[in-house]
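Quick note: the coordinates plus some simple rules give every number you see, no bench work behind them. Note that the structure is a prediction, hence the values are computed from the model and not measured. All Cβ positions, even for glycine, are placed from backbone atoms using ideal geometry, and neighbour counts span all protein chains on display.
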Amino acid sequence: MPILDPYAIEFFSRSPSQTKRIGIRLGGLLQRGDLICLSGDLGSGKTTLVQGIAQGWGSGDAVTSPTFVLVNMYRKVNGPSLYHLDAYRLQSAAEAIDLDLDAMLENGVLVVEWPENIQKALPRPRLWVKLSWIDLEQRHFVFKPEGKRFEKMMKELRKHIYGG
Ligand SMILES: Nc1ncnc2c1ncn2[C@@H]1O[C@H](COP(=O)(O)OP(=O)(O)OP(=O)(O)O)[C@@H](O)[C@H]1O
Ligand SMILES: [Mg+2]
């Protein structure tokens, strides 16, 4: 697959723990106001990636799939919170209005699973991550920055992944 965006990162994960590790790297780079969209089929590894992100972010709270409660919040000591929204059951951007995403972004970081379901309600800049299932243990990720803030973040993430 050709990558047209020079800041985009393509990554193959060979295990759930490798997915968590890249999540930890990403989580360590996040700041209040950042929006991360995780787009991919059932079982492609979105929640597994969030487990790493929350750990790298500095929260010791357990990450679970918020399919029924819609939003989970993971705290960290002396810092903003990480909000984890699963939009699987939402059918339109209008349904996201009640959730007050702006307030979450003012207070912390927002990570969204199934972002395409509420795409029009999701502001930019943002990091769009496309996850695909390759086989039982392999997943393919494309990290696509939308906005300067995330282009810089991808430069940092690239250093962590490839060194140098
Ligand atoms: N390389 C890998 N990366 C991530 N998960 C993997 C990998 N290999 C196997 N898995 C398994 O795939 C499953 C991924 O589930 P996960 O809940 O993270 O997916 P999801 O994208 O959040 O799904 P859903 O759309 O149902 O929320 C887990 O059971 C995990 O152990
Ligand atoms: Mg999930």
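Structure notes:
- Over segment 67-158: Rg over Rh, Cα atoms, Kirkwood Rh: 0.98
- Globularity index of segment 9-162, i.e. its alpha-carbon radius of gyration over 2.2 N^0.38 Å: 0.95
- Only one residue of 110, 160, 40 has its Cα farthest out toward the positive end of the dipole of the chain, where Lys and Arg carry +1 and Asp and Glu -1 on Cβ, and that residue is 160.
- Computed magnitude of the charge dipole of the chain (debye, nearest 20; Cβ of K, R +1, Cβ of D, E -1): 660 debye
- Only lysines eight or more places from residue 159 in sequence, or on another chain, were considered; those with a Cα closer than 27 Å are 20, 46, 76, 130, 144, 148.
- Rg of the Cα atoms in segment 107-146, relative to 2.2 N^0.38 Å, amounts to 1.37.
- When the chymotrypsin sites (Phe, Trp or Tyr not before Pro) in segment 21-84 are filtered for DSSP coil states and for at most 13 other beta-carbon atoms within 10 Å of their beta-carbon, the remaining sites are 68.
- Order of 134, 22 - criterion: other Cβ atoms within 10 Å of each residue's Cβ, fewest first: 134, 22
- Evaluated at q = 0.24, 0.25, 0.28 Å⁻¹: base-10 log I(q)/I(0), Debye formula over Cα of segment 30-96: -1.17, -1.25, -1.44
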